[in-house]
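Below: one structure, written as structure tokens.
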Amino acid sequence: MAGTQASAQGAIPNHVPPHLVRNFSFHTTAGATEDPHRAADPIFEGPDIFFSPIGWNGGPGWIVTRVDLLREIYQDPQTYSSNSDQFAPGELYAEADSTGIGEWKLVPIFLDPPDHTKYRVVINPIFSPTRIAQLEPGVRSTCLELVDAVRAAGECEFVEAFARPFPVTIFLRLMGLPLEKTADFVAWEEGLLHATSEEQAIAARLATGEYLKTVMADRRANPTDDLSSLLANAHFDGRPGTDDEVMGLYFLFFLAGLDTVTSALGFIFRELAQQPQLQQQLRDDPSLIPNAIEELLRAYTIVASHRWVTRDVEFHGVQFKRGDLILLGTQTSGRDAHEFPDPQTIDFKRENVRHLAFASGPHRCIGSHLARREIKIALEEWLTRVPPFRVKPGEVTRAVSDGAVWSVTYLPLVWGV
Ligand code: HEM
């Protein structure tokens, strides 16, 4: 590791000038457990690029705040790498790295081009807009079943009743996995991403891994036309995928396909529950829904990414060194006033909402068409079938911002009473 200076929170590398050090943490700022995006607004009060000893899960790193700067980083994987394996022991400033689940490295999210490209060329066609459009009837009927199950009650806890089971069911169908396992999948996902103890995390990892291994073996022996079979039997660079590659892909889809849509739905429905005039605007004019989705994804971007600096480089006046960790401030970038005038206001008629919710560059989210379609159907069916909803009086919603995906974890809604 390069030379460091001591600070109250930990070591700060010698190349970080004092005026660029800020003790900012995304998840411990006041109000983060209720509304992490608004709580992080002070991020724009200091330098556009700064170093925080406690930025991410209490760990140190550079934080980049602005959309234009983040886009540059996303689009330069040679300099800003997703793959920490290329560094020698001790070369990385921050050793803590979460690039996999147990023994499996997530593929292709923690690889760089050209390695990364060989996986994308195989999986891109599966998630094309045309292929995703074909899923529409199944997605809508799943949505209807879940909405109908709660409509008459006049209330529900939205995350448990809808936001979690909806994408899980769609994912199981896509992968060709049994719907009877929904409860297991929900529990494993919870354990993988939001465990409250080390035991819960390990148990979830083992259970998911064991199950996915049996799926891989089965689909190699008896392939069908589902996504599990396609991945299990895929060829990369003209040779069959190894067990580790397939498991890395399975796990990534499991994580990326489930929690993200759940989280996005949580923030979107919370906003509509808290701002009745926005909800009414969509009820009056459903043609605004696609634009509303982009606007809400902008204001409530959920995925936190990071990159490793591969060479000493000056970036907009700031000296980065090989091995530095960059915490991309993507989650809050939708509130960058340089890019989005009056960013705190939700405006469904805002034009050119070029947000980074699905990132940019080679790792741009492959599931964005599916995610948008799920969110659109959820909004259409809720707004058609359920009367105006609001947060249950006397209750406080809850959110988490300590992992790679920011989520609303508790959203009690009431309607028609
Ligand atoms: C609202 C929902 C979603 C959001 C906000 C989201 C966001 C993102 C972001 C920001 C990245 C890039 C991360 C990085 O560069 O480090 C990403 C990558 C990815 N996402 Fe999504 N995602 C969503 C839903 C989905 C769904 C539904 C799927 C699949 C079924 C999916 C599959 C993937 C995959 C496979 C990658 C890795 C792509 C690569 O490394 O080339 N995502 N997502």
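No lab work stands behind these numbers, since they all come straight from the coordinates. Computed from a predicted structure; not experimentally measured. Methodologically, a virtual Cβ is constructed for each residue, glycine included, from the backbone with ideal geometry; neighbour enumeration extends over all protein chains shown.
For the range 312-417, the alpha-carbon coordinates run over 61, 30, 29 Å along the three principal axes, in decreasing order. Ignoring aspartates and glutamates fewer than eight residues from residue 105 along the same chain, the ones with Cα atoms less than 18 angstrom from its Cα are 85, 95, 97, 115, 189, 210, 243, 244, 245.
Shape of the range 91-214 from its Cα gyration tensor (a ≥ b ≥ c, root eigenvalues): rounded if a/c is under 1.5, otherwise prolate when a/b > b/c, or oblate? Oblate shape, in that a/c is at least 1.5 and b/c is the bigger or equal ratio.
Annotation: amide H of residue 409 within the under-5 Å range of 398, 399, 400, sequence separation 5 or more or interchain, hydrogens built in the peptide plane.
Which percent of the Cα-Cα distances in the chain go past 31 Å? Beyond 31 Å sits 40 percent of the P(r) for the chain. Packing around the peptides 221-234, 338-351, 371-384, taken as the average count of other Cβ atoms within 10 Å per residue, puts them in this order, highest first: 371-384, 221-234, 338-351.
Translational diffusion of the range 169-262 was estimated from the Stokes-Einstein equation, with Rh taken as the Kirkwood radius over Cα pairs; at 10 °C and 1.306 mPa s the coefficient is 116 µm²/s. Restriction of the chymotrypsin sites (Phe, Trp or Tyr not before Pro) in the range 222-322 to DSSP coil positions whose beta-carbon has at most 12 other beta-carbons within 10 angstrom yields no sites. Each of 304, 383, 356 was placed along the dipole of the range 296-417 (beta-carbon charges, centred on the mean Cα), and the one lying farthest toward the positive end is 383. Looking at the range 26-79, the GluC sites (Glu not before Pro) that sit in a DSSP loop and have at most 15 other Cβ atoms within 10 Å of their own Cβ are 34.
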